[in-house]
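Data block below; observations after.
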Amino acid sequence: MFADKKSSKNNLRAELMACHAFLTPGDTLVVPPRPLRPVTPGPRQHGRRTP
């Protein structure tokens, strides 16, 4: 199993390159979905809305 935690901005990642070198024709590469980032709520606005 290969694991990489770097950004997917580019493909210059050692683990990705090692994974590609390991694969042979006919292999299937399964990439699990990455977990969603937690959403930080913005500041809450209190009071009434003005029309």
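The table that follows gives values for the structure above.
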item: In Å², nearest 10: area of L16 left accessible to a 1.4 Å probe; result: 40 Å²
item: Potential extension, K5-H20 segment - 0.36 nm per residue separation minus Cα distance; result: 3.8 nm
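The values are calculated or read from the model by the stated rules, or taken from the named source; none is laboratory data. From a predicted model like this one, the values you see are computed outputs, not experimental measurements. Each accessible area value is taken on the protein alone, full model and side chains, heavy atoms only, with ligands, DNA and RNA left out. Shrake-Rupley method; radii C 1.70, N 1.55, O 1.52, S 1.80 Å.
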